[in-house]
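Have a look at the structure below, then the notes.
The numbers here are math on the coordinates, done by the rules we state, and not lab data. Bear in mind that the values here come from a model prediction, so they are computed numbers and not experimental data. For neighbour counting, all protein chains shown are included, and Cβ atoms are generated from backbone atoms with ideal geometry for every residue, glycine included.
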Amino acid sequence: MELYKKNIILGIFVLSAIILTLKAAQIQIFDSSFKEKAFQTTLNKKKLYPTRGLIFDRNGELLAANEPNYELEVIYNQLDPKMDTMLLCSLLDIDKESFITRINKNWRDKRFSKSSPFSFINNISPEKYASLQEHLFQFPGFYVEMRNVRSYPHKCSAHVLGYLGEVNQRQINNSEGEYELGDFIGSVGLEKVYEKELKGTKGIEYMLRDNLGRNVEVYDDGKLNVYPVPGDFLTTGLDLELQILGEELMANKRGSIVAIDPSTGEILAALSSISYDPNLMSMSNDRDKAYTSMLQDSVNKPLIDRSVMSKYPPGSIIKPVMALIALQEGITYVDRRIPCDGVYEVSRGFSQKCHIHGPTGNISGAIQHSCNSYFYQVMKEMVEKYGYSNPGKGLDMVMDHLKEFGLGQKLGVDISYENGGNLPSAAYFNKLYNTKYSSWRSGAILSLGIGQGELELTTVQMANLAAIIANRGYYYSPHIIQKFSKGSHKIPESYSVKHEVSIDKKYFEPVIEGMEQAVNAGTATMARIDGIAVCGKTGTSQNSGIDHSVFFAFAPRENPKIAIAVFIENAGWGGTYAAPIASLMIEQYLKKSIDPSRNWILERMLNANLIEEKS
């Protein structure tokens, strides 16, 4: 019996030992949660932010750089209640109320924790940082993080480059852990479009903490650290000198300029006026005040990128395109002469005027002198191609051609918030007039033939039209990017796709001849440049107030290097301001300087204040 009792007791001890051993194994080997908790209480994971990729122009000039930004963070549980808060406030140049607001968070909000660091104040200047660093030991729980923020060496290209902003909760939720509270992200422009390539990859530094939770030293000589990977460098097709000249020429004017290399689709210049210094939106400045001020400017709207967002009636620059469509469809022929006595009779009792000009002779002359009567008649015949009573089919035929020219749709430009413009279809006019399909007639829409009415284009679409004509029938989608520095990142394949229009190449030469003669002896003589064959077309976009000044062109005629569109709001005739500004841009790009003989044009354009004169 005694032996039996001994065996039972021994069995209990053995079983207890086995249970304890298994439990220890579970804790130490199989279940990592206890190890992780211990790890978390002794180690602090410090985020290491990568440097954002730099942005350059086509010649290697720096457009977007980085500069250090100091941010004061705090862990609430480590605060010393006896801390001299007034001293801290004086060092940071804030008041006591601001201190209380910044230190007290909504602790029920999952974004904040009393035991985790959160941002107390950012954008600390180097001077304040130097003073704060001397006294930081007096403020337990506070520590400084250094992060890079954007800076812009030149006060231009604000809309193209864009700016950074702090991530919101929706972006955090959708990032699958890639972004955290306080991270920066591209908000608009190139910064937004190429965020993935520019941002780089964050790293982690493990710091050993003491019993008070303070960082003591790097853990295990940094063997567990993951170092940040810098963002990729982005080279654009922009020409900085051309961009700067464009912004100077557009000072005190509302509008936009887009210039394109026709052979590649690379955008050489893209600007919107009124603009702003991109450094105003840097995270290291008081950007909230600047942003609010610009947002409230309902007259100049500096935050709107007019080059891709604003849509306008193109005016007479559409005439070369309409000529190409009419020739392709057999509606007209090159040597056709349509008389013009200054008035075009649309219907009995209703007529449209044309400006006084010399004889047109043929389709080239009609473009040279921008004859409205010629293109009213051509538009009428295109719309009525399938019969007087079936204008919808003819209109849709014209619109289908215009779609091939990239109109009525987004071109896919790598600038955020691009607008597609507007191409009115037969269905649109059916709804507008609220009648049966065959009840409206060509006379109601003839203004489309001279770029008025419901037809609306963006400036980048206008520049692309010039590129298509320069190329005699094809284009590459306009784009800012030229290349990345790392082989792992490629530019979108869509930018190397050749888009061709269904216009026979032979029809381009008479149209181009008319555009060259428009510059040499027509409506655009202010765009003439000695030694360069400029082919262009003026437009005067009708408006409820003062008309808009429009011009598009390419140069030289053979082997074109630049296609450009200039749109200036409320500036009157296309030949008055848009044409000379475009010619100065062309000359700067092709010759790298403005000939002294044309300085009078340069000075006149630079000094013109159309906001005061035309408002």
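Odds and ends about this structure:
- Once the C-beta distance of Ser485 and Lys592 is scaled by a Förster radius of 30 Å, the resulting FRET efficiency is 0.70 to the nearest 0.05.
- Value of Rg/Rh across segment 358-472 [Cα atoms, Kirkwood radius]: 1.00
- Equivalent ellipsoid of segment 501-561: semi-axes from √(5λ) of the C-alpha gyration tensor, largest first, are 23, 16, 10 Å.
- Estimated Rh, segment 268-339: Kirkwood, alpha-carbon pairs, angstrom: 16.3 Å
- Scaled against the 2.2 N^0.38 Å expected of a compact globular protein of N residues, the Cα radius of gyration of segment 45-236 reads 1.13.
- In order along segment 571-582, phi translates into HN-Hα couplings of 10, x, 4, x, x, 7, 10, 4, 5, x, 5, 4 Hz, rounded to whole numbers, per the Karplus curve 6.51 cos²θ - 1.76 cosθ + 1.60 with θ = phi - 60° and x for Gly and Pro.
- Three-way shape label, segment 311-360, alpha-carbon gyration tensor, a/c 1.5: oblate
- Cα radius of gyration and Dmax for segment 248-293 (Å): 14.4, 43
- Three semi-axes of the equivalent ellipsoid, the chain, Cα gyration tensor, whole Å, largest first: 65, 29, 22
- The slack in the chain from Ile19 to Glu381, taken as 0.36 nm per residue of separation less the alpha-carbon distance, amounts to 120.7 nm.
- Among the listed pairs Lys223/Lys483; Lys486/Lys537; Lys506/Lys591; Lys128/Lys301; Lys380/Lys506; Lys96/Lys289, those beyond 32 Å (Cα-Cα): Lys223/Lys483; Lys486/Lys537; Lys128/Lys301
- Of the GluC sites (Glu not before Pro) found in segment 117-183, the ones in coil according to DSSP and having at most 15 other Cβ atoms within 10 Å of their Cβ are Glu176, Glu178, Glu180.
- Counting only lysines at least 8 places from Lys490 when in the same chain, those with an alpha carbon closer than 21 Å to its own are Lys192, Lys196, Lys199, Lys498.
- Label zone of Glu329 (point 7 Å out along Cα→Cβ, amide N under 15 Å): in segment 443-485 this covers 443-451.
- This model, with +1 at the C-beta of Lys and Arg and -1 at the C-beta of Asp and Glu, gives the chain a dipole about its Cα centre of some 1440 debye.
- In terms of its alpha-carbon gyration tensor, segment 356-395 comes out prolate; a/c meets the 1.5 threshold, and the first ratio a/b outweighs b/c.
- The length gained on full extension between Ser116 and Ser90, counted as 0.36 nm times the residue separation minus their Cα-Cα distance, comes to 6.8 nm.
- Computed extension gain for Lys393 through Ser496, at 0.36 nm per residue and net of the alpha carbon distance, reaches 33.7 nm.
- Tensor-based shape of segment 411-544 (alpha-carbon gyration tensor, a/c under 1.5 rounded, otherwise prolate or oblate): oblate
- Estimated Rh, segment 123-193: Kirkwood, alpha-carbon pairs, angstrom: 14.9 Å
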